[in-house]
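All remarks here apply to the structure that follows.
The values are calculated or read from the model by the stated rules, or taken from the named source; none is laboratory data. Here the structure is a predicted model, which means the values were calculated and not measured. Cβ atoms come from the backbone with ideal geometry, glycine included; neighbour counts cover every protein chain shown. To get the accessible areas, we keep the full protein, side chains included, count just its heavy atoms, and leave off ligands, DNA and RNA. Shrake-Rupley method; radii C 1.70, N 1.55, O 1.52, S 1.80 Å.
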Amino acid sequence: MKSETVAALRRLLIYSNANVFLQQKVIERVSGTSYMNFLRSTLLARSGSQFATPDGTVLAPPMAGSFDNDGKDTTFSQGDETLYLSAHDLYRWVSALHAGKIISLASLRRLADRYDANSESSLGMAEFDAQGIRLHRHDGSGNNYEAVANYLGTNDTTILLLSNNQNFKLGELSAAIAAILDEQPYQIPKKSIYLDIRGKLERQFDDGLAFYRDLKWNKSEHYDFAAETGDLVRTANYLMRRERFADAISILHLSLAAGENSKQEQSGIYELLAACHSSIKQYAMTSLYLNRALTLDPANTRATQALARLPK
């Protein structure tokens, strides 16, 4: 197989939303059927799960609606090609996956490979030993829904949490549950600042910034400022998706000043700063930040590729 073909296949396996959609198209072309039909007939049936597929309705009993931190209902129709599942269904799926009933254990190991040091594998975070899967953590979120699956092979425990009020704290809650089960000290997580500031910054940036500073100086006992950098980066990404690049740049600079970050984390922030400046055609600043990202983390392949694509 030619080296460029191998490189293309490796890029296809990098964990990203774009690659998931591309993989769906590959499956449809090879199987000759729709992706949803392939899932139902070939994969989901092997787990014994009862996946719900509403007919284009917003919700059907016993599904729960979603809401934000201000109590606003954020439920909307996901369309006909949507699967809903309960915690029991998710447990059946994870158990069948680890037992080799969905795909072979050899294929499962392959999916656990990380093809980019800055991203997860197709399984999220998974580790194997000679006996099989030792650790598996994966999470997902959207429209204020959130779920996490956390398998601990040391005591054969699976912790599953689902929420209809997304706060990016299920991972920490899962870790606390694991500590309690092991009779170890645990911490109850504080609220994330991200979901409380992002909408306010989008609606009126200066007011949102004042709200963020009030949280930091007056309400830190309720909010998790230990995760401030990550929350600010999420906020910048939120603004970037809405093409608010100047505002995102301001938030990214705040994230750099928020506290001590690893070189890899700083590299990722400079990469995002470069993307913002590139979007507004400030290519000299783009080049500056990409080079700074690579100085901090020479293994940042996304920054290398972005630098190569810059207009000469």
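What are the residues in the range 262-312 that are open to solvent by less than 60 Å² (accessible area, probe 1.4 Å) and free of Cβ contacts under 8 Å to residues at least 12 places away in the same chain, if any?
Listed by number, the list holds a single entry, S262.
Filtering the range 190-223 down to residues that are in a loop (DSSP other than H, G, I, E, B) and under 19 Å from the mean Cα position of the chain (by Cα), which residue is farthest from I251 (Cα to Cα)?
S192
Pairs under 7 Å by beta carbon, first residue under 14 Å from E146 (Cα atoms) in the range 61-77, partner open to solvent by 50 Å² or more (accessible area, probe 1.4 Å), six or more apart or different chains?
If the second residue must be open to solvent by 50 Å² or more (accessible area, probe 1.4 Å), the pairs left are G65/L59; G65/D73; S66/Y145; F67/D73; T74/F67; T75/V58; T75/L59.
Filter the range 146-184 for residues that are in a loop (DSSP other than H, G, I, E, B) and more than 18 Å from the chain's Cα centre (by Cα); which is surrounded by the most Cβ atoms within 10 Å (Cβ to Cβ)?
G153
If the Cβ limit is 9 Å and pairs must be 6+ apart or interchain, which residue in the range 16-39 that is over 22 Å from G140 (Cα atoms) pairs with which residue that is modelled with pLDDT of 90 or more and hydrophobic (A, V, I, L, M, F, W, C)?
Hits for this filter: T33/I27.
Hey, can you tell me all the residues within the range 101-142 that are assigned to a strand (DSSP E or B), small (G, A, S) and modelled with pLDDT under 90? Please lay out each step first, then the result.
To start, the set of residues in the range 101-142 that are assigned to a strand (DSSP E or B) comprises 121, 124-129, 132-142.
Subsequent filtering for residues that are small (G, A, S) retains 121, 124, 126, 132, 140-142.
Passing the criteria: S121, G124, G132, G140, S141, G142.
Exactly one of these conditions fails for E228: (1) open to solvent by less than 30 Å² (accessible area, probe 1.4 Å); (2) under 20 Å from the mean Cα position of the chain (by Cα); (3) under 21 Å from T74 (Cβ atoms). Give me its number.
Among (1) open to solvent by less than 30 Å² (accessible area, probe 1.4 Å); (2) under 20 Å from the mean Cα position of the chain (by Cα); (3) under 21 Å from T74 (Cβ atoms), E228 violates only (3).
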